[in-house]
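For reference, the structure is listed below as structure tokens.
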Amino acid sequence: MHTIVQQQARPFLKWAGGKGQLLTQIEQYLPKELTLTSKIKKYFEPFLGGGALFFWLSNRFDFEKSYLYEINPEIVMCYKTIQSDVPKLIKKLKELETQYLSFSETKREAFFYDLRDEYNAYLNRKIKNHFVPRSALLIFLNKTCFNGLYRVNSKGEFNVPFGRYKNPTICDEDNLWAVHEALQRAEIIEDDFAQCLKHIDDESFVYFDPPYRPISSTASFNSYSKNIFDDAEQLRLKETFNEINNKEGLAMLSNSDPKNIDPEDHFFDNLYHDYRIERLNATRMINCNADKRGDIKEILVMNY
Ligand SMILES: C[S@@+](CC[C@H](N)C(=O)[O-])C[C@H]1O[C@@H](n2cnc3c(N)ncnc32)[C@H](O)[C@@H]1O
């Protein structure tokens, strides 16, 4: 394994729970089998989302193979399009960017809602020929909607309103090429996190970043898709973590610390009491109540 020097790949989607701000803290807890020796050959990210840690690692380490799982089919489509069709995607995104930036704010807003309808019209149509325009629309909407959120209604239609950005970068061509490179030895799989188990061996490192348990009764940022990630799912995840440990793979898991809200909530401390638990500082802006932004911790669990 060697360090590679190239244009640094970064997440191409803004994603709730994105780990960008925590990377320098997470770095300190990476296993030495990855950072000091060449033992780790396979990397797994079973809750891919924006993939912040995957891209950060792929700029630094040369894995033989990465396995990236995500349950949201739209995200998977976008990653696969960048993996195999990046020139066509860039062409389409550039067209959208040029049009959008040439408009007044009122026209931009109307354009946004037209494209949102166009994107939703593709719903449930899994036709390969549609993947480039549909991925371009998803990236466009992500860069121009309110707060870069991804939210769908009960019919599965994307319903985030227009966001008033002055000069959004809709087509970051250099980054899309860097992401394309980073994905060349990756398998992108639309499936449940537990499916990773079949590939785990003692040369594997897994990073789990599951949907958060709600940080308060009013904030429900754990519904990324129609799937609900409740405490029963957190227990199933713990079983998967145990299985990786049994297969002698290395695993790291992060989650919002429930003690941010209730100091007596020992959910993760109890669940992972057999493993090493650390706490990181995470100032997340997801909570719109200013005085709750202060001392927010992220919990980190490791089996090494
Ligand atoms: C906290 S986000 C990951 C954020 C990511 N680490 C980043 O940096 O952007 C969790 C992701 O897990 C996905 N997800 C939810 N349930 C899942 C499941 N059962 N299996 C795989 N992925 C799932 C969600 O769609 C979401 O994209």
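Taking every alpha-carbon pair within the stretch 1-135, the share separated by more than 22 Å comes to 51 percent.
Among the listed pairs K32/K126; K19/K91; K126/K297, a Cα-Cα separation exceeding 31 Å is found for K32/K126; K126/K297.
Subtracting the Cα-Cα distance of A121 and S154 from their residue separation scaled by 0.36 nm leaves 10.4 nm. Contact order for the stretch 1-147, expressed relative to its length and based on alpha carbon pairs under 8 Å spaced 6+ residues apart, stands at 26 percent.
Annotation: lysines with alpha-carbon distance below 21 angstrom to K39 (same-chain offsets under eight excluded): K65, K198, K247. Remark: relative contact order (the stretch 74-174) = 33 percent; criterion is Cα-Cα distance under 8 angstrom and separation of 6 or more residues. Within the stretch 21-67, which GluC sites (Glu not before Pro) sit in a loop by DSSP and count at most 10 neighbouring Cβ atoms inside 10 Å? Filter output for the stretch 21-67: empty list. By the helix-only formula, in which each DSSP H run with n ≥ 4 contributes -39500 (n - 2.57) and the sum is divided by residues, the chain has a 222 nm mean residue ellipticity of -11000 deg cm²/dmol. Using C-alpha pairs below 8 Å separated by at least 6 residues, the relative contact order for the chain is 21 percent. Given the chain, what percent of its DSSP beta bridges are antiparallel, to the nearest 5? So the antiparallel bridges in the chain amount to around 45 percent. Principal semi-axes of the equivalent ellipsoid, √(5λ) from the alpha carbon gyration tensor of the chain, are 32, 24, 18 Å from largest down. A Gaussian network model of the chain, with springs between Cα atoms under 10 Å, assigns the largest mean-square fluctuation among I26, I189, I71 to I26.
A Förster radius of 51 Å combined with the Cβ-Cβ distance from I277 to K94 puts the calculated FRET efficiency at roughly 0.65. According to the calculation over all Cα-Cα pairs in the stretch 74-174, the P(r) per 10 Å bin from zero is 15, 51, 31, 3 %. For K259, the aspartates and glutamates whose Cα comes closer than 14 Å to its Cα, not counting residues fewer than 8 places off in the same chain, are D269, E278, D295, E298.
No lab work stands behind these numbers, since they all come straight from the coordinates. Quick caveat: nothing in here was measured; it's all calculated off a predicted structure. Using ideal geometry, Cβ is built from the backbone for each residue, glycine included, and neighbour counts are taken over all protein chains shown.
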